[in-house]
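First the structure, in the form of structure tokens, and then the observations on it.
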Amino acid sequence: MKAKSLFLLFLLSSTLLILLCLFLYATPLNEYRLEMLRLSKIQKVCMKEYIKKRDKHIYIYSLEKAQQEIDRYLQKNPLEFVPNSTSFEENNSVPTQPNLHKVTLAGITKVLNTLTEKVALSIATHTDKAGSQQENLKLSQARADILKAYMQEKSNVSFISSIGYGEELPLTADINGTNRRVELHLKRIQP
């Protein structure tokens, strides 16, 4: 009988101890779990609203990606100058359409302004063989300086160089012999 009562007392005290532990610790654990669940739902809702509110995603370019994007802009709409002049060719055939050189320059400066690294921009301009070599060299340098002034005004690039090569470096695959082109190259500035 004594063993039965001791066993019953042990069973009763262990049950009371378990209930006491549950009473003390279960409520804070449950509240913590509910709070974490509530915060995660708030974060999901806020993220969905943020994505809905922003009008477009702004890409942050690395140097290689930015160079590819600039090359794509220049291939799609090359910057073409009027022959023997430092002004851009205008497309007056469609008055409502913006000039292609403005679209190209705006796209390039947008890419330059979203770079995550410190870079140097090198502008190289080339001319065709019409005219003397010295005149072509002066003309290409004047075109490069115009582009440099535009980039200094519109972009956040810290170092910009402009070189006019004239007719000295023709393209190897240039069939028509025009060689008129603008090249933009980015280089990482080491800290």
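The values are calculated or read from the model by the stated rules, or taken from the named source; none is laboratory data. Source: prediction; values computed, not measured. We place every Cβ from the backbone using ideal geometry, glycine too, and count neighbours over all the protein chains shown.
Counting only residues that are small (Gly, Ala, Ser) and not in a loop (DSSP other than H, G, I, E, B), which one in region 26-62 is modelled with the highest pLDDT? Walk me through it before giving the result.
Taking region 26-62 first, the residues small (Gly, Ala, Ser) are 26, 40, 62.
Those left that are additionally not in a loop (DSSP other than H, G, I, E, B): 26, 40.
On the way: Ala26: 72, Ser40: 76.
If we take residues in region 26-62 being small (Gly, Ala, Ser) and not in a loop (DSSP other than H, G, I, E, B), then Ser40 is modelled with the highest pLDDT.
Regarding Lys65, is this residue basic (Lys, Arg) and at pLDDT below 80?
Numbers: basic (Lys, Arg): yes; at pLDDT below 80: no.
Criteria not met by Lys65.
From the residues in region 117-130 that are surrounded by fewer than 16 Cβ atoms within 10 Å (Cβ to Cβ) and more than 30 Å from Leu63 (Cβ to Cβ), which one is farthest from the chain's Cα centre (by Cα)?
Ala130
Condition check: at pLDDT 80 or above and surrounded by 10 or more Cβ atoms within 10 Å (Cβ to Cβ). Does Leu9 satisfy that? Don't jump to the end; show me each part of the working.
On the way: at pLDDT 80 or above: yes; surrounded by 10 or more Cβ atoms within 10 Å (Cβ to Cβ): yes.
So Leu9 fits the description; yes.
Filtering region 135-166 down to residues that are small (Gly, Ala, Ser) and surrounded by 15 or more Cβ atoms within 10 Å (Cβ to Cβ), which residue is nearest to the chain's Cα centre (by Cα)?
Going residue by residue through region 135-166, those that are small (Gly, Ala, Ser) are 140, 142, 144, 149, 155, 158, 161-162, 164, 166.
Narrowing the set further to residues that are surrounded by 15 or more Cβ atoms within 10 Å (Cβ to Cβ) leaves 140, 142, 144, 155, 162, 164, 166.
Numbers: Ser140: 30, Ala142: 30, Ala144: 25, Ser155: 13, Ser162: 23, Gly164: 28, Gly166: 32 Å.
The extreme case among them is Ser155.
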